[in-house]
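First comes the structure, then the notes that go with it.
Just so it is clear, none of the values below were taken in a lab; they were calculated from the coordinates. This structure is a prediction, so every number in the text was calculated from the model and none was measured. Using ideal geometry, Cβ is built from the backbone for each residue, glycine included, and neighbour counts are taken over all protein chains shown.
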Amino acid sequence: MKRATSRSSYAIAVLPGDGIGVEVTAAALQVLHAVAPRIGRRFGTVEHPAGARHYLEHGVALPPATVAACRRADAILFGAMGLPHVRAGDGTEIIPQLDLRFALDLYAGVRPIRSFAGLPGPLADARAAHIDLVLVRESTEGLFHARGRGRIEGSGGDAAAFDTMKITHRGTARVCDFALRLARQRRAQGKPGRVTNVDKANVFRSMAFWRQVFDERAAAFPDVPVEHAYVDAMALNLVLKPWAYDVLVTENMFGDILSDLIAALAGGMGMAPSADIGDEHALFQPAHGTAPDIAGQGIANPTAAMLSAAMMLDWLADRAGDAALADGARAIEAALAAAFASGAARPREFGGRSSTADIVREVLVRL
């Protein structure tokens, strides 16, 4: 944590985006502004345009002015962007959040997941009630490096498409350091503080290199226990015994897939917050998509967005040396947990009837 600050106000760039992104962002902002007076802080939240809808209307998905506002802000609160029917010329979806990751060098994709008392999960084992782990994915390299760089060679029956994975020493080392530091922090909180490196080093040269760099960096953290797992075995074990893991670190594409798997263990994407963190900037968003099939119905689960706001407060607390912000994060988490444990709030994906507004109300009451 940096030296304690005397600041009382923080500037937050808000990008609600498309579909239910608008609805869950509004919910997160209600909670954020409700907790502010409790901790003696103010949040200047300003919305900025971006997304697939904006692309349809203006021909640009991420305006330069929005990127500039994100650079100036203390943190970025993001909703969800992209619509299945809005595509770029190469057939891929319009996804401005990936552009922001690269523009701001947000190399650590942080995906925590935890179980909540009062909400049923898909696993029958009683130990599933104690799931609490974090997946850290490298977000600027790996197979995602090929975005916009893929090529097709040949034609007809001889055509072949190529997407190249890129693993660098610098990119791997810094995300491994991030995961190792996170494990050390979690141990101080009474958690296992162990890092599991996830790769496919038995097949790919790039992954063998990744493992080599991980081992180099782990040697600099002798107090942090580490282990290795192949990604296919990890997918199996995350279903069989997710409570056995604490911090996972992996390549971009592997992390993209496994992060959805662990979200299912807690009940679905509506329970999955996330952060994209760099050395100077950070973006916080629910891990789910825009869900156009339910947009505008007021039934989206805002939990992931609220927990993302709590993650934002934790990051700002550490960056600014402002412990009051961490108190705010704990208050949001506790209010959510109490609302679920009491049965007063139960999202639709858990068989409940709570609307977005219902969940917000129950959280605000407990704040």
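So here's what we get for this one:
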{"read-out": "Prolate/oblate/rounded label for segment 122-265 (Cα gyration tensor, a/c 1.5)", "value": "oblate"}
{"read-out": "Local electrostatic count at Ile94 - Lys and Arg +1, Asp and Glu -1, tallied over other residues with Cβ under 13 Å", "value": "-2"}
{"read-out": "For the chain, built as a Gaussian network whose Cα springs stay under 10 Å, the top-fluctuating residue of His54, His130, His85", "value": "His85"}
{"read-out": "The chain - charge dipole about Cα centre, Lys and Arg +1 at Cβ, Asp and Glu -1, debye rounded to 20", "value": "980 debye"}
{"read-out": "In order through segment 311-325: 3J(HN,Hα) via Karplus (6.51 cos²θ - 1.76 cosθ + 1.60), integer Hz, x for Gly, Pro", "value": "4, 4, 5, 4, 5, 5, 4, 6, 5, 9, x, 10, 5, 4, 5"}
{"read-out": "In segment 100-206, trypsin sites (Lys or Arg not before Pro) in a DSSP loop with at most 14 other beta-carbon atoms within 10 Å", "value": "Arg149"}
{"read-out": "Close Lys-Lys pairs in the chain, where close means Cα under 29 Å and separation is 8 or more or interchain", "value": "5"}
{"read-out": "For segment 131-203: rounded, prolate or oblate by the Cα gyration tensor [a/c cutoff 1.5]", "value": "prolate"}
{"read-out": "Dipole of segment 122-265 [Lys/Arg +1, Asp/Glu -1 at C-beta], most positive-end residue of Pro225, Ile262, Ala160", "value": "Pro225"}
{"read-out": "Gyration tensor verdict on segment 10-71 (Cα atoms; rounded if a/c is under 1.5, prolate if a/b is larger than b/c, oblate otherwise)", "value": "oblate"}
{"read-out": "Cβ-placed point charges (K, R +1; D, E -1), dipole of segment 125-238 about Cα centre in debye, nearest 20", "value": "440 debye"}
{"read-out": "Local net charge near Ala295, Cβ-Cβ under 13 Å (Lys/Arg +1, Asp/Glu -1)", "value": "-2"}
{"read-out": "Residue-averaged 222 nm ellipticity for the chain, from DSSP H runs of 4+ at -39500 (n - 2.57), nearest 500", "value": "-13000 deg cm²/dmol"}
{"read-out": "Fluctuation leader among Ala208, Ala26, Ala108 - the chain, Gaussian network, Cα springs under 10 angstrom", "value": "Ala208"}
{"read-out": "Loop-resident sites, segment 271-367, for trypsin sites (Lys or Arg not before Pro), counting at most 14 other Cβ within 10 Å (DSSP)", "value": "Arg353"}
